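A.B. asks: Structure below; questions to follow.
The values are calculated or read from the model by the stated rules, or taken from the named source; none is laboratory data. All of these numbers come straight from a predicted model, not from anything done at the bench. Don't worry about glycine lacking a Cβ; one is built from the backbone with ideal geometry, like all the others, and counts go over all protein chains shown.
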Amino acid sequence: MPASELATVALTLKLAAVTTVLLLLLCLPLAWWLASGGGRWRHTVMAVAALPLVLPPTVLGFYLLLWMAPGGWLGDLALWLRQQSLAFTFEGLVIGSLVYSLPFAVFPLRNAFLGVPRESLDAASTLGAGPLDRFFTVALPLSRPGLAAAAILTFAHTVGEFGVVLMIGGSIPGETRVLSIAIFEQVEALNYQGAHWLSALLVLFSFTALLLTRPGQGEHLHA
């Protein structure tokens with residue numbers, strides 16, 4: 001594999017890894033809140049979290065591009081903080097990936113938390129455990145299969161995203177050129193052999209990720 005393609009694979013894996021870690025950190029409290037009731041805003045929050053499942057990626061990417069470009073609220077904030085726009089940068093890809101892969105993290109985690117026996121939480125409460133203690137010592141350990149499923153699905157989904165990264169990142173080697181973009185460019189250049197090898201790599205990776213996902217955990221990407 002040429003060095004340029006190896007760099008593309010490395011950038012793709014880096015993007016997926018960063019997105020997965022950040023999303024798990026963000027979605028653990030969100031999923032626990034949703035599983036615990038969530039109040040009257042629960043259905044609204046779940047609908048917003050599920051939007052990337054039904055919105056065309058180009059629509060999501062278009063609005064993200066508007067927000068990240070100079071004049072957009074994210075773009076202006078980035079210009080103020082670091083004198084550089086977020087559009088067509090790796091950091092911009094991370095933000096777009098966080099939004100696009102959100103449901104693949106939050107819903108498996110929520111479903112895992114819903115499966116935690118109420119009796120276990122009540123017993124911990126009776127023994128004097130506070131809400132945070134019950135979460136870290138009871139709910140989280142019992143939800144490890146769901147946590148693993150969320151991590152695998154988020155990572156795999158981020159590796160395969162195309163429309164969003166194309167809209168907000170383009171194809172800058174070493175910065176925003178990920179595998180899905182590289183495949184698209186190979187097809188445009190009529191280099192079907194190159195596209196075939198990269199596509200086969202993604203097919204193998206996606207199949208392996210699904211095999212590693214606990215049966216049933218990846219089926220509940222909905223409210």
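A.B. asks: Checking residue 26 against (1) under 22 Å from residue 139 (Cα atoms); (2) surrounded by 19 or more Cβ atoms within 10 Å (Cβ to Cβ), which test does it fail?
C.D. replies: The single condition residue 26 does not satisfy is (2).
A.B. asks: Taking region 158-172 on its own, how many of its residues are surrounded by fewer than 23 Cβ atoms within 10 Å (Cβ to Cβ) and farther than 18 Å from residue 3 by Cα? Break it down stepwise before answering.
C.D. replies: Within region 158-172, the subset surrounded by fewer than 23 Cβ atoms within 10 Å (Cβ to Cβ) is 160, 162-163, 166-167, 170-172.
From what is left, the residues that are farther than 18 Å from residue 3 by Cα are 160, 162-163, 166-167, 170.
Result for region 158-172: 6.
A.B. asks: Is it the case that some residue within region 173-184 is surrounded by fewer than 16 Cβ atoms within 10 Å (Cβ to Cβ) and assigned to a helix (DSSP H, G or I)?
C.D. replies: yes
A.B. asks: Name the single residue, out of those in region 190-223 being in a loop (DSSP other than H, G, I, E, B) and under 30 Å from residue 114 (Cβ atoms), that is modelled with the highest pLDDT.
C.D. replies: 213
A.B. asks: Of all the residues that make up region 107-130, how many are farther than 9 Å from residue 143 by Cα and among the aromatic types (Phe, Trp, Tyr)?
C.D. replies: 1
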